[in-house]
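Before any comments, here is the structure.
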Amino acid sequence: MSETAATGTTGTGTSGTEEDTVEPVLPMVKAEQVHKSFGHTEVLKGIDLEVAAQEVFCLVGPSGSGKSTFLRCINHLEKINAGRLYVDGRLVGYRQKGDRLYELREREVAEQRKDIGMVFQRFNLFPHMTALQNVMEAPVQVKGESKAVARERAERLLERVGLADRMRNYPAQLSGGQQQRVAIARALAMEPKLMLFDEPTSALDPELVGEVLDVMRGLAEDGMTMIVVTHEMGFAREVGDSIVFMDDGVVVESGNPRDVLTNPQHERTQAFLSKVL
Amino acid sequence: MNEAPDTPGEPQEADRASAAAGRDAQVGETRLTKTDTLRTEETATADLPPAAIKAIPVRHWGRWIGAALVLAALAAIGLAFVNGDIAWAVVGERLTDGTFFWPAWETLKISVYAMLIGVVLGTLLAVMRLSSNPVLSAVSYAYIWFFRGTPVIVQLLLWFNLSAVFTYVDLGPIYRNEMNDVMTPFVAALLALGLNEAAYMAEISRAGIQSVDHGQTEAAHALGMSGSKTMRRIVLPQAMRVIIPPTGNEYINMLKTSSLAFAIGYGELFYVAKNVGTTDYSVMEMYLVVSVWYLGLTTIFNVGQYYLERHYSKGANRSLPPTPLQRIRGQLTAFRTPSKVGGTTV
Ligand SMILES: Nc1ncnc2c1ncn2[C@@H]1O[C@H](COP(=O)(O)OP(=O)(O)OP(=O)(O)O)[C@@H](O)[C@H]1O
Ligand SMILES: [Mg+2]
């Protein structure tokens with residue numbers, strides 16, 4: 001919503017901390033040669049990309065290409081092996097002094113994650129809490145907000161995702177689409193600057209996909225910065241500002257979704273799109 | 001299946017209807033020859049459900065014989081006890097005169113306290129065991145190895161006789177006392193039973209913690225929750241569902257194992273039963289009396305456990321399981337409703 005790094009104001013406008021500011025207008029996410037291996041298998045082989053503030057950034061590619069892994073690196077659920085990853089100008093998971101990197105403490109990593117919402121393919125709602133409690137949990141436990149304030153916001157968010165009448169239900173009593181909408185509300189309750197979506201509709205029955213995409217569309221309209229891993233090419237084309245096609249741990253092709261999806265340049269992109277479209 | 005006309009007045013009409021019904025045609029015809037009142041027959045096939053099957057059930061002779069044998073054996077055992085040299089009057093008297101009220105209270109007290117130590121320390125040990133810190137993990141492993149690997153009675157006596165090797169409990173400037181004063185039978189029993197229980201509870205808690213989907217931890221971390229908060233708020237409450245049933249089992253075990261504390265002179269149920277029995281020459285009688293007490297305690301606990309499990313199954317099912325009262329009420333009404341054909345009620 002209100003951007004500190006709005007267009008035009010050069011350089012000094014942003015609250016200048018000692019952090020290494022990369023550019024006058026900060027991208028929300030910046031990846032430089034990100035490498036990630038599990039054991040001996042290299043899953044990310046040098047990812048470079050930038051996601052601007054308020055952008056809806058779609059990530060597509062075949063299964064096993066490393067999309068989820070990249071997304072999980074952004075909030076440090078996975079540690080990268082080489083390269084640099086910045087969110088809002090801050091290095092993810094490390095502190096750089098000179099050319100030395102220091103790992104952040106658990107508390108500091110948690111601090112960074114507060115600003116990054118994540119929505120999982122399998123929802124991962126807390127099953128022992130009602131929808132309302134799920135949404136209230138992090139603001140109360142992490143930010144130390146009062147229950148009254150957290151409840152008020154949680155109710156507003158659940159209303160916004162169309163679940164005003166479902167607040168007292170446990171996740172097991174909700175449909176997949178409803179659960180995923182609660183999960184989105186839960187992430188939004190921390191008032192993040194950036195939202196990560198990892199195939200949010202892949203576990204849903206086809207008729208429930210629409211209700212989740214509608215909520216995401218609304219978020220995009222409100223100016224939320226979003227990185228969306230998805231197989232919903234219709235959504236990417238309609239809502240996405242840019243798209244990246246990943247295969248085998250590298251970015252194969254990127255650009256405007258309308259161009260890339262209708263007129264893919266690379267043959268691997270063409271092959272993939274011919275299968276999913 | 002067959003759309004017969006509402007009121008077939010004539011035989012021919014009924015014939016047409018059955019013919020239209022195709023595969024029912026033959027059935028219709030045989031019926032026509034058998035019955036004289038066509039009208040009722042037609043409506044029967046059209047509207048009413050088929051008559052309930054009344055078949056002669058298979059006779060299970062084996063079951064009858066088995067039951068008879070078991071009952072005969074039970075009767076024989078019962079008779080033996082009645083005719084045996086047992087002063088039943090003493091049993092009845094001691095059961096009701098309050099001799100065992102305070103000992104039962106002591107049993108309850110030591111078992112609850114020891115169990116609390118077991119649960120808290122056991123959970124801690126489980127978390128240590130699962131931690132990525134190799135020292136913590138190894139210490140936890142060694143603890144479990146030692147306390148599970150030695151008999152409780154030995155541990156009881158070890159604690160109680162600690163004064164033989166340490167004359168003083170000396171914590172420097174904070175605390176200093178003679179070991180004999182500190183290590184009362186109660187303290188020794190509490191330590192021995194509690195620390196032993198912790199080893200078992202550690203394994204139960206570990207299984208519970210590991211049963212929680214890793215996605216839960218990730219979701220909590222992604223929201224900015226710390227590791228310890230994730231454990232307390234997200235993982236452990238869900239692990240409870242797996243932890244509680246075997247913990248109830250452990251507690252029932254504890255109620256009974258606490259009787260071993262008689263060996264160090266702790267005045268719980270069994271210790272008193274033994275003393276009263278030897279002084280009054282009613283050893284067998286007193287063992288029967290405490291058996292009733294133990295049964296009573298475990299029975300009460302079973303009911304409590306049911307409600308505890310019900311509490312922690314919140315969210316695991318679409319609806320909570322019924323309380324025993326609700327279930328009894330349901331079964332009573334089930335008696336009044338006739339059993340449905342093809343339904344689940346019997
Ligand atoms: N924790 C892990 N340990 C070992 N290998 C892993 C781990 N996580 C992912 N991988 C491997 O990394 C590769 C990329 O996985 P990733 O989940 O990022 O793919 P993806 O692009 O999200 O695929 P999908 O579309 O199926 O979700 C896969 O080959 C996977 O087997
Ligand atoms: Mg994935």
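Out of (1) within 15 Å of ligand 1 (Cβ to nearest atom); (2) away from chain B (no Cβ under 14 Å), the odd one out for A:Arg90 is which?
(1)
Quick one: in the stretch A:228-259, of everything that is more than 16 Å from ligand 1 (Cβ to nearest atom) and assigned to a loop (DSSP other than H, G, I, E, B), which residue is most open to solvent (accessible area, probe 1.4 Å)?
A:Asp241
Just to verify a result, which residue in the stretch B:193-225, among those that are away from chain A (no Cβ under 14 Å) and open to solvent by 20 Å² or more (accessible area, probe 1.4 Å), is farthest from B:Glu250 (Cα to Cα)?
Among residues in the stretch B:193-225 that are away from chain A (no Cβ under 14 Å) and open to solvent by 20 Å² or more (accessible area, probe 1.4 Å), the one farthest from B:Glu250 (Cα to Cα) is B:Gln210.
I'd like the residue in the stretch A:51-89 that is hydroxyl-bearing (Ser, Thr, Tyr) and within 16 Å of ligand 2 (Cβ to nearest atom) and, out of all such residues, is farthest from A:Val34 (Cα to Cα).
Filtering first and then ranking leaves A:Ser63.
Might you let me know whether the stretch A:66-78 holds any residue that is open to solvent by less than 40 Å² (accessible area, probe 1.4 Å) and more than 16 Å from ligand 1 (Cβ to nearest atom)?
no
Quick grid of which residues meet (1) within 14 Å of chain A (Cβ to nearest Cβ); (2) open to solvent by 30 Å² or more (accessible area, probe 1.4 Å); (3) on the phi > 0 side of the Ramachandran plot; (4) more than 14 Å from the chain's Cα centre (by Cα):
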residue	(1), (2), (3), (4)
B:Asn249	no, yes, no, no
B:Leu255	no, no, no, yes
B:Ala263	no, yes, no, yes
B:Glu268	no, no, no, yes
B:Tyr281	no, yes, yes, yes
B:Glu285	no, no, no, yes
B:Val289	no, no, no, yes
B:Val303	no, yes, no, no
B:Leu308	no, yes, no, no
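Residues A:Thr262, A:Thr225: which one is away from ligand 2 (no atom under 16 Å from the Cβ), of a type in the set (Ser, Thr, Tyr) and either surrounded by fewer than 19 Cβ atoms within 10 Å (Cβ to Cβ) or within 14 Å of chain B (Cβ to nearest Cβ) (or both)?
None of the others qualify; the one that does is A:Thr262.
Of the residues B:Thr107, B:Thr96, which single one is among the β-branched types (Val, Ile, Thr) and open to solvent by less than 60 Å² (accessible area, probe 1.4 Å)?
On inspection, the qualifying residue turns out to be B:Thr107.
Taking the stretch A:191-205, which residues are closer than 14 Å to A:Met233 by Cα and exposed (fewer than 15 other Cβ atoms within 10 Å of the Cβ)?
A:Ser202
Could you please tell me which pairs satisfy a Cβ distance under 6 Å, a separation of 6+ or placement on different chains, a first residue in the stretch A:193-204 that is within 19 Å of A:Ser65 (Cβ to Cβ) and more than 13 Å from chain B (Cβ to nearest Cβ), and a second residue that is within 12 Å of ligand 2 (Cβ to nearest atom) and open to solvent by less than 30 Å² (accessible area, probe 1.4 Å)?
A:Glu199/A:Val229
Name the one entry in A:Ala154, A:Ala131, A:Ala187 that is buried (at least 20 other Cβ atoms within 10 Å of the Cβ), at the interface with chain B (Cβ under 9 Å from one of its Cβ atoms) and within 21 Å of A:Gly218 (Cβ to Cβ).
Only one candidate passes the filter, namely A:Ala187.
I'm told A:Gly177 meets every condition in (1) part of a helix (DSSP H, G or I); (2) crowded, with 17+ Cβ neighbours inside 10 Å; (3) within 14 Å of chain B (Cβ to nearest Cβ) except one. Can you identify the failing condition by its number?
A:Gly177 satisfies all of (1) part of a helix (DSSP H, G or I); (2) crowded, with 17+ Cβ neighbours inside 10 Å; (3) within 14 Å of chain B (Cβ to nearest Cβ) except (3).
Hey, which of the helices (runs of 4 or more DSSP H) in the stretch A:57-151, taking only ones fully inside, have at least 2 residues that are of a type in the set (Ser, Thr, Tyr)?
A:67-74
Being within 15 Å of ligand 1 (Cβ to nearest atom), away from every other protein chain (no Cβ under 14 Å) and either in contact with a helix residue (DSSP H, G or I) (Cβ under 8 Å, 6 or more places away or on another chain) or more than 28 Å from A:His76 (Cβ to Cβ) (or both) is the requirement here; does A:Phe272 meet it?
yes
The values are calculated or read from the model by the stated rules, or taken from the named source; none is laboratory data. Because the structure is predicted, anything quoted here is derived from the model rather than measured. Here Cβ is always computed from backbone atoms with ideal geometry, including for glycine, and neighbour counts include all displayed protein chains. Quick note on the areas: whole protein, heavy atoms, side chains included, nothing else; ligands and nucleic acids left out. Shrake-Rupley method; radii C 1.70, N 1.55, O 1.52, S 1.80 Å.
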